[in-house]
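Report on the following structure.
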Amino acid sequence: MKNFFYITVILFLYSCGKVQEPSVKTLKEVNILAQTDSTLQLAAILVMHNPNSFEIPLTQADYSISIHGKKVGAGKEENLPPLTKEGDTDLKLSPTLQLAVFSELISTLLTEQETEIVIDGKYSFSVLGQNVPISQVQKTKVNIQELMRKYISAAMQGKKNGMKVENVKIGKADLLQTLVLADLKFTNTLPLDFTIQKMQLDIFPPEKEKQNIKLGEWHLNQVQKIVHGQEVKIPIEIKVSNMALLTTMPDILSKKANQSLFVKGTAEVMMGKNTFNVPIEQIVTL
């Protein structure tokens, strides 16, 4: 009964024009959850400000996201928290971006430090089983370079495509070192060409407690161009210390570790005039 009275008062004030509509303050903590061939699933926090002296009990948000006049994505959220009176509330969003549209903007986005995002939303609160909507078009800015870094990193580490170390085999050996041979394969699913300026890969035993024992390392010795839609294979050779190899061989060949190595490194990727440092971590089966 108390809640019914409370919501009735809000509706009365809203109908009299005495309720100030909440506003979007910012979009923050934008992260990539998953990527398919056509979509990019994001997680983000939308900060909304409620200037009123009472809570607004939100139940649903239905919204679209536009950049430079193009609708790039949309989302729908339910079971949202109430908007704090005279304060800010964090709303967790999980919008889906359409890569075909987003890709058309990438060359422009790469030249911007901050990008204006337009959020066209319908925010609803429930009264007696009926949703009462508040429609708003709000603008905010995001650090697009940080999102692009996450986007490139996600593409480079994708399960289906991305960067993979394959065809690992043992080469020549002497008393001190054993040569480990492999292919570094990459399929560029990004909509633009880019170059790998630098890359370093270190290899370790697969067990986490032994990953402080570095077996060997490899450095890219020339700039490598990666063309959109093409597959590139780079042969790599890593000199591994026989002493370290003997110490960790039982772990590397164990059934528990599926006879594997742990590969960790970084790649310096240049797209347009922007440089992104991308982390690389993989378990590689022998």
Exercise. To the nearest 0.05, what FRET efficiency results for Ile213 and Leu33 with a Förster distance of 45 Å applied to their C-beta separation?
Worked result: 0.85
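Here are some pairs, Lys169/Lys198; Lys141/Lys185; Lys85/Lys141; Lys169/Lys273; Lys28/Lys185; which of them have Cα atoms lying more than 26 Å apart in this structure? Please list the in-between numbers first.
Working: Lys169/Lys198 24 Å; Lys141/Lys185 36 Å; Lys85/Lys141 24 Å; Lys169/Lys273 37 Å; Lys28/Lys185 34 Å.
With Cα atoms farther than 26 Å apart: Lys141/Lys185; Lys169/Lys273; Lys28/Lys185.
Mind checking the full-extension length gain between Glu78 and Ile45? Use 0.36 nm per residue of separation minus the Cα-Cα distance, one decimal, nm. Let's see the in-between values first.
Values: separation 33, 0.36 × 33 = 11.88 nm, distance 1.42 nm.
Gain in length upon complete extension: 10.5 nm.
Read-outs: derived from the displayed coordinates by stated rules, not from any lab. None of the values given here were measured: they were computed from a predicted structure. Glycine gets a Cβ as well: all are built from the backbone with ideal geometry, and neighbour counts include every protein chain shown.
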